[in-house]
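Below you'll find the structure, written out as structure tokens, and then a few comments.
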Amino acid sequence: MKLTLSLLFLSLSLVQGLNPKCDVQDHSSTLQVIHVFSPCSPFRPSTPLSFEESILQMQAKDKTRLQFLDSLVARKSIVPIASGRQIIQSPTYIVRAKIGTPPQTLLLAMDTSNDAAWIPCTACDGCSSSLFAPEKSTTFKNVSCAAPECKQVPNPSCGVNTCNFNFTYGSSSIAANLVQDTVTLATDPIPIYKFGCVSKTTGTSTPPQGLLGLGRGPLSLLSQTQNLYQSTFSYCLPSFKSLNFSGSLKLGPVAQPKRIKYTPLLKNPRRSSLYYVNLQAIRVGRKIVDIPPAALAFNPITGAGTILDSGTVFTRLVEPVYVAVRDEFRRRVGPNLTVTSLGGFDTCYNVPIVVPTITFLFTGMNVTLPEDNILIHSTAGSTTCLAMAAAPDNVNSVLNVIANMQQQNHRVLFDIPNSRVGVSRELCT
């Protein structure tokens, strides 16, 4: 079958009037394409352009066109981020997600150290009042025990035509069924997205409306949207005090910062979800503090090393690293000032202080923290503390965690295909 197009775009007399050599055929059955710089084009410049000038003009128009195309993709793949402290009274960062058909909106905590998303569902025992109602979604479906995804969740077991699993999150214990439904972030619908439908929870660590896993293991957002977002994302976390969704989660390689320093990501088979990086040294003011190399060394067998984590609030450093940083910080602030403590913070002052910068020296990338990323203030404002602490004396005592307060107002870019992470300063509060 032959398709014909008829385009009444330019009058024949106009085209022929421009150049008598323009041979215009009958337009009733054919479509003629005329380049803007052609002698037959009514849009050609009044003054003839040289070949070089016409190429430069086309290049400039191409640049504008590409910026336009980039903006189309960027707009649909940017998800606003807010501090959960102000909105749901949770020490996490949250994004809006629409679940099911028709969509039900929930505020999910974003967590780079977890994979599977999980959401409190109707009749959940111990959950908050904000629940997802599967019975109201026409696209909701249980995932069976025979599905390969059932082997990718922690502690799986078989129910009646369902895949059940249970896990711990902080001090909470959670039981869930593995299900699938459409999940929409920004304006991107993700069909058949696998997540946990929480049926029971105990403890106080559970984010009230659920969690979005941004780790790099199975069932994470990256794994389930690999074709859509190409395993690339970045975020900018606003201040705890920010009252609105001023931060952003950018999904996919488009609209990511071009001028940014990177450090390689390290792989730990025992903790495959975590984003390990090589922290080589720490500088306080102008001095690189004396840290035993073993305290920073990456060891995939023991799990030792340094990770970037969006779920931990304050940076935790293993004991010898923290003591070295803390002591140099105290010396720089003033050895004669009285040091007090506040809760878990052991370096606090009740008088105004001059704050030295703290710089993390990674392989190929240095990140210097300004005062807002270093100090925490008491509610009354009379006490100021170094917003870091020693790692707890437990199984994680070998792990240095660069936490979300130290990441605030920075763009943190995770480029999994190239196995690297980048950090640059960006105000998003």
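The values are calculated or read from the model by the stated rules, or taken from the named source; none is laboratory data. Because the structure is a prediction, the values reported are computed rather than measured. Ideal geometry is used to build each Cβ from the backbone, glycine not excepted, and the neighbour counts take in all protein chains shown. Note: areas computed on protein heavy atoms with side chains; ligands, DNA, RNA excluded. Shrake-Rupley method; radii C 1.70, N 1.55, O 1.52, S 1.80 Å.
A Förster distance of 41 Å, applied to the separation of the beta-carbon atoms of Thr340 and Asn155, puts the FRET efficiency at 0.40.
Entry comment: accessible area of the range 74-251 is 41 Å² per residue, from protein heavy atoms only and a probe of 1.4 Å. For Arg331 and Lys258, a Förster radius of 35 Å and the Cβ-Cβ distance give a FRET efficiency of 0.35, rounded to the nearest 0.05.
Counting only protein heavy atoms and a probe of 1.4 Å, the accessible surface of the range 271-429 is 53% carbon and sulfur.
Across the accessible surface of the range 74-251, with the other protein chains kept in place and a 1.4 Å probe, carbon and sulfur atoms take up 52 percent. Classify the range 283-322 from the C-alpha gyration tensor, please: rounded if a/c falls under 1.5, else prolate or oblate depending on whether a/b exceeds b/c. Oblate is the answer for the range 283-322, as a/c is 1.5 or above yet b/c matches or exceeds a/b.
Residue ranges 238-250, 371-383 sort as 238-250, 371-383 when ordered by packing (mean number of other C-beta atoms within 10 Å per residue, highest first). In order along the range 368-385, phi translates into HN-Hα couplings of 9, 8, x, 4, 4, 8, 10, 10, 10, 10, 5, 4, 6, x, 8, 10, 10, 10 Hz, rounded to whole numbers, per the Karplus curve 6.51 cos²θ - 1.76 cosθ + 1.60 with θ = phi - 60° and x for Gly and Pro.
Model label points for Gln86 and Thr122, set 7 angstrom from Cα along the Cα-to-Cβ axis, are 3.5 nm apart. In summary, the range 261-425 shows an alpha-carbon radius of gyration equal to 1.02 times the 2.2 N^0.38 Å reference for compact globular proteins. Extension gain, Thr363 to Asn299: 0.36 nm times the residue separation minus the Cα-Cα distance gives 21.4 nm. A cut-off under 10 angstrom between Cβ atoms defines the neighbours of Gly285, and their net charge, with Lys, Arg +1 and Asp, Glu -1, is +4. Efficiency by 1/(1 + (r/R0)^6): what FRET value for Asn350 and Lys267, r their Cβ-Cβ distance, R0 = 41 Å, to the nearest 0.05? According to the calculation, E is roughly 0.35.
The label-point distance for His377 and Val398, in a model that sets each label 7 Å from Cα toward Cβ, rounds to 4.1 nm.
Applying a DSSP loop filter and a limit of 13 other Cβ atoms within 10 Å to the chymotrypsin sites (Phe, Trp or Tyr not before Pro) in the range 344-408 leaves nothing. Each of Ala147 and Arg425 was given a label point 7 Å from its Cα along the Cα-to-Cβ line. The distance between the two points is 4.6 nm.
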